[in-house]
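This report refers to the structure that appears directly beneath it.
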Amino acid sequence: MVRKPTIVDDDQPKGSKAASSKSKGRSSVSKRKSEDDSEVPVAKKPKQDAKQPPEGEQTTKDGQAYIHLGKQKRAGITTFKGSTYVDIREYYGPPDDEKPGKKGIALNKDQWEVLKANFDKIDCLLAKVTE
């Protein structure tokens with residue numbers, strides 16, 4: 001492949017692309033011209049994320065209760081092959097049709113009891129790390 005030579009305008013400083021109509025550096029402020037032809041910065045509206053339900057107890061379409069932990073994370077009770085689990089898991093998909101993801105853990109009743117009994121110790125460890 002042969003490259004075509006680039007025409008350089010000596011009036012423009014190096015790195016300036018006067019011929020290009022698109023700007024590579026994007027900013028959150030666009031500019032518009034006012035009546036006196038001076039550019040006035042105009043703030044762009046931030047993108048709105050899909051509304052997340054408030055933290056706390058929620059219910060699925062099927063009537064199953066869960067605790068919303070934020071950012072598509074839930075804690076709830078599930079039953080699988082006759083055993084009951086505390087399921088803490090990430091969900092994916094649109095807010096009205098979320099599906100369980102691979103990232104998560106299902107604790108049986110014994111494991112849940114051990115975790116509950118050690119919450120204070122976990123809080124102490126977390127406090128040491130975040131100091």
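The values are calculated or read from the model by the stated rules, or taken from the named source; none is laboratory data. If you're wondering where the values come from, they're calculated on a predicted model, not measured in any experiment. Virtual Cβ from ideal backbone geometry, glycine too; neighbours counted across all protein chains shown.
Assorted remarks:
Matching residues to (1) basic (Lys, Arg); (2) touching a strand residue (DSSP E or B) at 6+ places or on another chain (Cβ under 8 Å):
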{"residue": "ASP87", "(1), (2)": "no, yes"}
{"residue": "GLU90", "(1), (2)": "no, yes"}
{"residue": "ASP96", "(1), (2)": "no, no"}
{"residue": "LYS99", "(1), (2)": "yes, yes"}
{"residue": "LEU107", "(1), (2)": "no, yes"}
{"residue": "ASP110", "(1), (2)": "no, no"}
{"residue": "PHE119", "(1), (2)": "no, no"}
{"residue": "CYS124", "(1), (2)": "no, no"}
{"residue": "VAL129", "(1), (2)": "no, no"}
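- Filter pass, LYS14 being assigned to a loop (DSSP other than H, G, I, E, B), exposed (fewer than 10 other Cβ atoms within 10 Å of the Cβ), in contact with a Pro (Cβ under 8 Å, 6 or more places away or on another chain) and modelled with pLDDT of 55 or more: no
- Residue tally, condition in a loop (DSSP other than H, G, I, E, B), more than 27 Å from the chain's Cα centre (by Cα) and either basic (Lys, Arg) or more than 26 Å from GLY63 (Cα to Cα) (or both), over the range 81-131: 2
- Pairs where the first residue, in the range 94-121, is surrounded by 10 or more Cβ atoms within 10 Å (Cβ to Cβ) and the second is of a type in the set (Val, Ile, Thr), C-beta under 7 Å, 6+ apart: GLY104/ILE88; ILE105/ILE88; ALA106/THR78; LEU107/VAL86; LYS109/THR84; TRP112/VAL86
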